[in-house]
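**Q** This structure is in structure tokens; I'll ask about it shortly.
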Amino acid sequence: MPEIYSYEDNLLRYEFHDTEFNRDLYKEFDIKATKLGIESKIEDLLSGKVINLTEDQAAFHPKYRKNNGYINEIVKSKSDFFPDVDHLKDDSLKNFMREVIKSNAENFVSIGIGGSYEGPKLLIQSLGHDEILSKCNHYFITGSDRNELVEKLKNLDPKKTVFIVLSKSFKTDETIQMFNDAIQWSGDINKFIAITANKAEAEKLDFKHISEFDNEIGGRYSIWSKISFAAACFAMPTNDENTFENFCLGGSIADEYILNNDTYKEFVKNLSFSDIWFHNVKHKNSRVILSYDWNLRSLPNYFQQLEMESLGKRPNQLSDFKKTGQIIFGGYGPTAQHSYFQLLHQGTQNICADLILNSKDQFSNLAFAQGITQSELLSNGATEFLQDKEKINGNTPVNLFIFNGLNAKKLGFLIATWEHRVFVTSVMLQINPFDQFGVNASKIYTRNNINKWITANKN
């Protein structure tokens, strides 16, 4: 039977099922981590010191959940579904919400991609309040295909539709194209707000409402920032003004724990160390992330971007580990069981697994039972009472994350914990998790190709 390592507090229960990564290996990794100054690097990150060395800047996502700079802007609610504009500190947000209220808007459309899409989508799906969602509609437009915009806007009334355009740089081609098409459809720039770290670029597009956040927060970490403005509105019931604040509070608890709670720190390091060991030593190049909670169906996609953009870097030749980020895939567990689980159970691929479950109403919860069953089959296999053709491989390392009921604080805690997992891994690999030059290069090459095609067609 696999060894079980566990962690539990009032926010999260965790179990690690594996036969190979033992406490002796953990201690070896911990010695390496100490030599690499893991403690001081965590302190540097959380204190706002320059930690993104290739871009010579700090990483400010912990600041947003610690100092509540954004939280305090959205802490009151009116009798309707909008936050009370008088309590929004940002004048641009105040003015935009006044315009929205005057227009009797029924539809909200968020335009963004990457972190500007995955974070808000996750928050609305997981924390969105039924009372609010029943009063208005929310749509996401992401990508570069105009057919998406046409499809999602075709039944909407321009007079009752407002747009939140989300982009850190405001140089993202997909977002700019969709904005240009949306403004032609709407005809009213007052129904648009830009939320960005690059106000100058947004001003070039004649936005009347622009709200800024720090450039030192990466897109995949921006869920804690004003990027989540619309999501915070949709997650705020009239009788509970603290939904988004509690989300950020959960993140700040994880920050406090990684500094001061040795048991939690060991839990995070165990996650990171085992990831590296399985990838580099046991050649498990892929990890599947599965959510068995419908409200968290987008969480695997969110973590996929967080990990693969942060850890998908060239190896540092000074590091003992030459394989960097694993390939991350996954989705909603009950659906995945009927698509690619055949490969997980009887295929030849060498994988790891993260499963996220909600134990609330577990005795009548089929999804929870499925998650527990799959974790046991992945780790232990199955041979009893089965013909040879029915045997399950087993020997898959499984990280099991279990909520006892989901709320905003618990979700914030898990996401910040995952961020710490990624950061510890980056320190061990001696890479920078905060830059993304590969993503930037693809943008540049795409623009160059478009310009070439335009020039060729003119000739």
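**Q** Can you give the convex hull volume of the alpha carbon atoms of region 282-352 per residue, in Å³?
**A** Enclosed volume per residue, from the Cα hull, is 88 Å³.
**Q** As I understand it, the value is the acute angle between the Cα axis of helix 299-311 and the longest principal axis of the Cα atoms of the chain; what does it come to in degrees, rounded to 10?
**A** Tilt of helix 299-311: around 80 degrees.
**Q** So, counting K/R as plus one and D/E as minus one, what does the shell of residues with Cβ under 11 Å around Gln57 add up to?
**A** Residues close to Gln57 contribute a combined charge of -4.
**Q** Oh, and also: Please list, or write none, the aspartates and glutamates whose alpha carbon is within less than 13 Å of the alpha carbon of Lys323, excluding same-chain residues fewer than 8 places away.
**A** Asp275
**Q** Order of Arg297, Arg421, Arg23 from fewest to most other C-beta atoms within 10 Å?
**A** By the 10 Å Cβ count, ascending: Arg23, Arg297, Arg421.
**Q** May I pose another question? Give, rounded to the nearest 20 debye, the magnitude of the charge dipole that the chain has about its Cα centre when Lys and Arg contribute +1 at Cβ and Asp and Glu contribute -1 at Cβ.
**A** It works out to roughly 1180 debye.
**Q** Too long at a 19 Å Cα-Cα cut-off: which of Lys121/Lys168; Lys27/Lys313; Lys168/Lys199; Lys284/Lys389?
**A** Over 19 Å apart, Cα to Cα: Lys27/Lys313; Lys284/Lys389.
**Q** Please give the calculated 222 nm ellipticity per residue for the chain, where each DSSP H segment of at least 4 residues contributes -39500 (n - 2.57) and the sum is spread over every residue; nearest 500 deg cm²/dmol?
**A** -14000 deg cm²/dmol
**Q** Summing Lys, Arg as +1 and Asp, Glu as -1, what charge do residues with Cβ under 13 Å from the Cβ of Phe140 carry, Phe140 excluded?
**A** Cβ neighbours under 13 Å give a net charge of -2.
**Q** Okay, next question. Mind checking which lysines have their C-alpha under 22 Å from Lys159, skipping anything on the same chain fewer than 8 residues away?
**A** Answer for Lys159, where 22 Å is the Cα cut-off: Lys94, Lys102, Lys135, Lys191, Lys208, listed by chain and number.
**Q** Which one, Asn399, Ser116, Gly331, is farthest towards the positive end of the dipole of the chain when Lys and Arg carry +1 and Asp and Glu -1 on their Cβ?
**A** So the residue furthest toward the plus end is Ser116.
**Q** Checking the cross-link filter: which aspartates and glutamates have an alpha carbon closer than 20 Å to that of Lys360, excluding same-chain neighbours under 8 positions apart?
**A** Glu8, Asp9, Glu15, Asp130, Asp293, Glu376
**Q** For a quick check: sort Asp293, Asp157 by the number of other beta carbons within 10 angstrom, fewest at the front.
**A** Final ranking by Cβ density, sparse to dense: Asp157, Asp293.
**Q** Give me P(r) over region 203-338, computed from all C-alpha to C-alpha distances, binned every 10 Å, as integer percentages.
**A** Bin by bin from 0 Å, the calculated values are 9, 25, 37, 20, 7, 1.
**Q** Sort Trp185, Trp277, Trp224 so the one with the fewest other Cβ atoms within 10 Å of its own Cβ comes first.
**A** Trp185, Trp277, Trp224
**Q** Then there's this: Out of region 341-413, which chymotrypsin sites (Phe, Trp or Tyr not before Pro) are coil in DSSP terms and have no more than 12 other C-beta atoms within 10 Å?
**A** Phe385
**Q** Got the relative contact order for the chain handy, in percent, Cα pairs under 8 Å and 6 or more residues apart?
**A** It rounds to 20 percent for the chain.
**Q** Would you mind checking the tilt of helix 366-380 against the longest principal axis of the Cα atoms of the chain, expressed as 0 to 90 degrees and rounded to 10?
**A** 40 degrees
**Q** Here is a further query. Express in whole angstrom the spacing between the alpha-carbon centres of region 345-393 and region 144-190.
**A** Region 345-393 and region 144-190 have Cα centres separated by 43 Å.
**Q** Rounded to the nearest angstrom and ordered from largest down, what semi-axes does the equivalent ellipsoid of the chain get from its C-alpha gyration tensor (root of 5λ)?
**A** 38, 25, 24
Read-outs: derived from the displayed coordinates by stated rules, not from any lab. Keep in mind that what you see is a predicted model, and the values were worked out from it rather than measured. Using ideal geometry, Cβ is built from the backbone for each residue, glycine included, and neighbour counts are taken over all protein chains shown.
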